[in-house]
Every structure is written in C-alpha cells, then in structure tokens.
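As structure tokens, the structure follows; a few thoughts come after it.
The values are calculated or read from the model by the stated rules, or taken from the named source; none is laboratory data. Please read all numbers here as calculations on a predicted model, not as lab measurements. Here Cβ is always computed from backbone atoms with ideal geometry, including for glycine, and neighbour counts include all displayed protein chains. Keep in mind that these areas ignore ligands, DNA and RNA; they rest on the heavy atoms of the full protein, side chains included. Shrake-Rupley method; radii C 1.70, N 1.55, O 1.52, S 1.80 Å.
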Amino acid sequence: MEVKNSSLAYIGTNFSHYPQDGKPEIAFAGKSNVGKSTLINAILGRRALARTSSQPGKTRTINFYDVNGQMYVVDLPGYGYAKAPKTEIAKWGQMIEEYLGKREELRAIILLIDIRHEPGKNDMMMYDWLKHYGYDIIIAATKADKINRSQIQKHLSVIRKALGLRPEDVLIPFSGEKKTGVEELWAEIERFLPETEEM
Ligand SMILES: Nc1nc2c(ncn2[C@@H]2O[C@H](COP(=O)(O)OP(=O)(O)O)[C@@H](O)[C@H]2O)c(=O)[nH]1
Ligand SMILES: [Mg+2]
C-alpha cells in the first residue's frame, strides 16, 4: 500500500473517544520498548509521527492513525512495564479487553516480539488472549538489525515454538533501523482490508 497521508486522528481510553466512521482498523500490540512506535512510523513512512522513546511505558491511551482516509492503524499501549503501578495495569487491562472484545472494526492484530529474545510470559498471555478473541495475528519480529543475518531463521523458530504458532501464522522479521519488512507487513495487512483500487 502506498501511504499518501497519515495523521494521528483520535486518542482515547474508551469507545466514546474512538472513531465512529466504521473504517477498518489494524491494531499493533507488544511489550513496552519492543519498537512499536518505530515500526508504526516506518510503515506510515513518517519519521516521527508516533512518539518513540527510550523511556518505556509512556503511552496509556489507544491512538488511531488515519491512513489515506481509508483505514486506521491503531497503537495499543505497551504491556509488561515493570514499574507501572497496579492501578495503571488494571486500567490498561480494562481498556484493552473492551477494545479487543467489542471492536467490530478491528480486522487483525500485529503482535510485536523482539527478535533477540524468547517471548516472555506477557507475550504468551497476549498471544493467547488474542487467539481467544479469534483474531488473525501477524507477528512482527522487531529489531532484526540487532542480530546477525545468519541467525534470523534460528531466532524466528524460537519465537514460533515459544508462542506455539501454527504453520499458517505469519512471522515477519522487521527492522525500523534498516526499514526492512515494511513491504511484507503491508502485504499481510492488505489481506484484511476491503478490496479497493489502489489505496
Ligand atoms: N536497532 C534498532 N533499534 C530499534 C528498532 N526499533 C526500535 N528501536 C529502539 O528501541 C527503543 C524503543 O523503541 P520504540 O519504538 O519507542 O518502542 P515502543 O515502546 O514499543 O513504542 C528506541 O530506543 C528505538 O530507537 C529497530 O528496528 N532497530
Ligand atoms: Mg511507543
């Protein structure tokens, strides 16, 4: 997909804040600091639309990026931030559960996993949670530039095994640094969007 326009269109914590125009949504989830903002910027072809930071745990809202006026890229707040107070974690859980459980516009989820590390307990919980809701999931293995290219397949199979992915589940190595994986991700995302002439 060629992104001609993108902008942060809605920010919120409950349904009354979210878009009400029925356009399809693709949501991005992952542990804090996994590279979600970086990946969103890369697929939108923007340098700094989504805020990136070395300080994890900042975003506590669901952010909707309008793409070409035709769909939304949805940035879900990261999980597994150790220093988050319990009340924050509870609020996070409620907000995510409501969104995943009831959002009719949501077509698919991209789950981000750091390619260097075996998925943690929170990643596995998130994956199982998403499956429980019946979503199609695409895994983006982030920060692929941080390991040797010859090691990529090995790391992908570790992730595959730990999450218990099925053969049909798509796993894409991604680097925000090198901008690799952008086209592949878009190709997967497009499978969940209504057919249109060039978006
Ligand atoms: N080398 C490398 N660093 C990355 C990549 N993606 C993110 N980072 C770094 O990881 C940190 C967290 O990134 P960010 O996108 O803010 O993560 P978020 O918390 O998941 O939104 C930042 O310091 C980024 O520069 C990547 O693909 N390669
Ligand atoms: Mg972020």
In the list D75, D66, which residue meets the criterion of being free of Cβ contacts under 8 Å to residues at least 60 places away in the same chain and not hydrophobic (A, V, I, L, M, F, W, C)? D75
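Determine whether region 13-20 contains at least one residue that is of a type in the set (S, T, N, Q) and within 16 Å of ligand 1 (Cβ to nearest atom).
So in region 13-20, the residues of a type in the set (S, T, N, Q) come out as 13-14, 16, 20.
Remaining after also requiring within 16 Å of ligand 1 (Cβ to nearest atom): none.
Looking for residues that are of a type in the set (S, T, N, Q) and within 16 Å of ligand 1 (Cβ to nearest atom), one finds none in region 13-20, hence no.
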Looking only at region 105-134, count how many residues are within 16 Å of G164 (Cα to Cα), surrounded by fewer than 19 Cβ atoms within 10 Å (Cβ to Cβ) and either hydroxyl-bearing (S, T, Y) or within 15 Å of ligand 1 (Cβ to nearest atom) (or both). 3
Checklist (1) of a type outside the set (S, T, Y); (2) touching a helix residue (DSSP H, G or I) at 6+ places or on another chain (Cβ under 7 Å); (3) in a loop (DSSP other than H, G, I, E, B) applied to Q20, failing item: (2)
Pick from K102, K31: which is open to solvent by 60 Å² or more (accessible area, probe 1.4 Å), touching a helix residue (DSSP H, G or I) at 6+ places or on another chain (Cβ under 7 Å) and in contact (Cβ under 8 Å) with a residue 24 or more places away in the chain? K31
Exclusive hit being modelled with pLDDT of 95 or more, within 16 Å of ligand 2 (Cβ to nearest atom) and of a type in the set (D, E, K, R), set D145, D114: D114
